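Down below is the structure, laid out as structure tokens.
The values are calculated or read from the model by the stated rules, or taken from the named source; none is laboratory data. Worth saying up front: this structure is predicted, and the values here are computed from it rather than measured. Positions of Cβ are generated from backbone atoms using ideal geometry, with glycine treated the same way; all protein chains shown enter the neighbour counts. SASA here: full protein model, heavy atoms, side chains in, ligands and nucleic acids out. Shrake-Rupley method; radii C 1.70, N 1.55, O 1.52, S 1.80 Å.
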2 protein chains.
Amino acid sequence: MEQDLLTWLNGRTFHHACVTLGIGDDAAILAPRPGFETIVTTDMLMDRVDFLWGTHDPALIGRKCLAVNLSDLAAMAAKPFAAFVSLALPRSMSFEDAQRLMQGILELAKEFQVELAGGDTNTHDGPLVVNVVAMGETPHGRAWLRSGAKPGDRLVVTGPLGGSLKAKQFSFSPRVREALQWRELAEVHAAIDISDGFCLDLSRLLSASGCGALVREVDIPISDDAFAMSSAGSGKTPLEHALGDGEDFELILALPPSVARILIDHAQHNGLQVRDVGVVTQSNEILLTKASGEVEPLPAIGYLHRLST
Amino acid sequence: MEQDLLTWLNGRTFHHACVTLGIGDDAAILAPRPGFETIVTTDMLMDRVDFLWGTHDPALIGRKCLAVNLSDLAAMAAKPFAAFVSLALPRSMSFEDAQRLMQGILELAKEFQVELAGGDTNTHDGPLVVNVVAMGETPHGRAWLRSGAKPGDRLVVTGPLGGSLKAKQFSFSPRVREALQWRELAEVHAAIDISDGFCLDLSRLLSASGCGALVREVDIPISDDAFAMSSAGSGKTPLEHALGDGEDFELILALPPSVARILIDHAQHNGLQVRDVGVVTQSNEILLTKASGEVEPLPAIGYLHRLST
């Protein structure tokens with residue numbers, strides 16, 4: 001199967017000028033542009049943890065495996081250019097399903113002008129495991145880190161949260177284009193993408209920055225699917241879904257108030273629901289102002305399974 | 001376990017100057033040196049395919065997972081500087097075993113001055129799967145490809161072959177230092193590392209170069225372990241082990257005759273058993289001159305499971 005898959009891949013991948021040598025040798029050769037840094041991220045996804053083989057469309061599974069990595073690049077304000085895909089395929093998988101998995105990767109790669117520059121294809125007696133490495137570039141010193149938030153910064157979220165289990169975990173569009181626009185438009189102090197839930201990922205950003213925050217409950221953007229899941233008897237309120245579900249792959253940004261205003265206006269102009277949800281503080285607490293006016297600690301909820309670095 | 005593993009890793013990795021930001025953010029930041037290209041390779045290894053969990057020492061398993069990637073960089077004459085490790089750990093794995101696995105990676109990384117710059121740690125209901133990405137650098141245009149062999153080039157092998165199943169699959173030293181020395185010493189036209197067997201990997205190099213070869217059976221360097229396995233009743237001759245076993249992680253180089261002589265003398269001076277095993281030809285056949293003087297096609301044997309790109 002592996003050789004057939006490689007043959008099938010031949011000529012189907014987008015070509016990026018920074019990739020001097022792609023699939024086919026012992027390694028790929030990349031020619032980074034002078035003045036740019038290379039941003040590298042990797043995520044491993046596996047059956048029964050990140051998707052259900054046999055239930056979800058293989059093309060959507062493939063798409064997700066690349067998309068979560070592009071989301072990490074977006075969180076660094078990096079422009080993606082190359083990806084590497086390693087597969088552990090169950091021996092029982094059909095060639096058509098493996099093709100469909102790769103097709104999902106290739107289509108998203110093309111959309112974001114990413115070259116599939118290499119990988120490693122294997123079969124084994126185990127569940128499907130997909131590892132993707134995505135590489136991007138930023139002008140020197142311009143990457144967004146988690147660690148740059150400053151007291152007084154506004155906290156902004158780029159879209160509605162919660163309920164991603166229903167569909168968004170597969171259909172989300174990594175905020176790459178938005179991040180690249182905003183990088184030019186405004187001085188962003190810190191950023192993270194929401195993979196494990198708003199509360200958990202916000203706490204990571206703030207911990208890296210050595211700050212706290214005051215978040216306003218009424219301003220948390222809640223997705224329709226969070227309401228739908230709650231109505232359908234999930235046992236959680238829509239707000240709880242929004243705060244803890246994860247896999248929204250929206251960004252949390254910390255940026256000066258004047259800049260936040262510019263960014264929100266720009267986003268609204270482009271039909272994006274970007275929301276100011278609170279302020280970075282000097283304390284080491286993350287507090288939530290409830291709709292009632294009470295202030296309490298932001299709940300420590302989120303998906304703690306995966307720890308990507 | 002994942003958070004504990006990250007905490008334990010903190011401060012244990014070698015730091016490389018080209019890595020501006022390592023473990024801990026959404027992605028790593030690399031600052032490639034001006035005038036250098038970035039070489040990227042990835043290999044996924046898994047239980048019951050590349051090692052036996054419960055039989056082999058976890059530290060040796062970890063070491064192998066990085067070493068096979070460094071071998072790919074050696075085959076490109078690249079100096080390694082960063083690695084990314086993704087893990088799918090069986091839920092039953094103890095923290096001590098996971099530590100030991102990482103320890104094997106970290107020790108080899110330190111030996112080769114490679115920074116563990118990121119990764120992704122997960123647990124799942126399946127066998128251990130380890131994906132490693134290794135990155136290196138070469139001065140612009142100086143990477144060795146598979147595709148540069150020319151008729152008349154000598155084919156050189158950097159060490160004894162066969163029987164790696166006994167020990168060498170875990171203990172081999174990737175030929176990084178040698179490759180970097182030789183890159184400065186001599187004009188190497190093409191190179192590949194022997195992961196899937198001499199015959200198969202030689203055929204890949206020659207196919208990429210559009211050439212054939214004439215190999216002399218008597219000059220194939222055969223390892224002691226190939227003899228030992230044969231004596232112990234493997235059902236193969238020592239030569240068959242040498243030609244087909246794979247996981248030797250020696251290099252096959254194609255280079256002009258005068259240069260081959262320099263390289264072999266240099267290697268012998270340094271205690272390395274580098275051998276001239278034949279010549280690149282204009283035909284598209286790979287032929288073997290037997291000890292008897294007969295010429296026949298080189299057998300098409302080797303380990304076809306993995307196809308790394």
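A few comments on the model shown:
- With 0.36 nm allotted per residue and the present C-alpha distance subtracted, the A:ARG48-A:THR289 stretch has 83.1 nm of extension available.
- Model label points for A:LEU6 and A:GLN103, set 7 angstrom from Cα along the Cα-to-Cβ axis, are 2.3 nm apart.
- At 7 Å out from Cα toward Cβ: A:HIS140 inter-copy label distances (nm, ascending): 1.5
- Computed helical MRE - 222 nm, chain B, DSSP H runs ≥ 4 contributing -39500 (n - 2.57), nearest 500: -9500 deg cm²/dmol
- Ratio Rg/Rh [Cα only; Rh per Kirkwood] for chain B: 0.99
- By average C-beta atoms within 10 angstrom, highest first, the peptides A:256-267, A:44-55, A:119-130, A:283-294: A:119-130, A:44-55, A:256-267, A:283-294
- Förster radius 22 Å - calculated FRET efficiency between A:ALA17 and B:ARG142 (Cβ-Cβ, nearest 0.05): 0.65
- Estimated D of the protein assembly as shown in µm² per second, where Rh is the Kirkwood radius over Cα pairs and Stokes-Einstein applies at 10 °C, 1.306 mPa s: 63 µm²/s
- Stretchable slack from A:GLU296 to A:ASP265, in nm (0.36 nm times residue separation minus alpha-carbon distance): 8.1 nm
- Sequence-distant contacts, meaning Cα pairs under 8 Å at least 6 residues apart, place the relative contact order of the stretch A:160-273 at 48 percent.
- Sorting A:74-80, B:233-239, A:205-211, A:183-189 by their mean Cβ neighbour count within 10 Å, with the most densely packed peptide first, gives A:74-80, A:205-211, A:183-189, B:233-239.
- The alpha carbons of the stretch B:54-186 give a radius of gyration and a Dmax of 16.7, 55 Å, in that order.
- Take A:GLN3, push a point 7 Å out from Cα through the beta-carbon direction, and compare it with the same point in every other copy: 4.9 nm, smallest first.
- Using alpha carbons only: equivalent-ellipsoid semi-axes of the stretch B:4-47, gyration tensor based, whole Å: 23, 18, 10
- Under 25 Å from B:LYS64, Cα to Cα: lysines that are on another chain or at least 8 residues apart: B:LYS79, B:LYS110, B:LYS166, B:LYS168
- Chain B, relative contact order in percent, only Cα pairs under 8 angstrom and at least six apart counted: 22 percent
- Shielding by partners, peptide A:43-49 (average Cβ within 10 angstrom, other chains): 6
- Counting 0.36 nm for each residue step from A:ARG33 to A:ALA228 and taking away their Cα separation leaves a gain of 65.5 nm.
- The stretch B:211-309: mean projected area of Cα convex hull, nm²: 8.0 nm²
- Amide N of the stretch A:3-17 lying under 12 Å from the label point, which is placed 7 angstrom from the Cα of A:GLN113 along Cα→Cβ: A:15-17
- Only protein heavy atoms count here; on that basis, with a 1.4 Å probe, B:ASP25 has an accessible area of about 10 Å².
- Placing a label point 7 Å from the Cα of A:THR55 along the Cα-to-Cβ line, the residues of the stretch A:94-136 whose backbone N sits under 17 Å from it are A:127-129.
- For B:GLY278, net neighbour charge (Lys/Arg +1, Asp/Glu -1) across residues whose Cβ lies under 11 Å away: -1
- Counting, for every residue in A:88-95, the Cβ atoms of other protein chains within 10 Å of its Cβ and taking the mean gives 1.
- Across peptide A:140-149, the mean count of Cβ atoms from other chains lying within 10 Å of each residue's own Cβ comes to 3.
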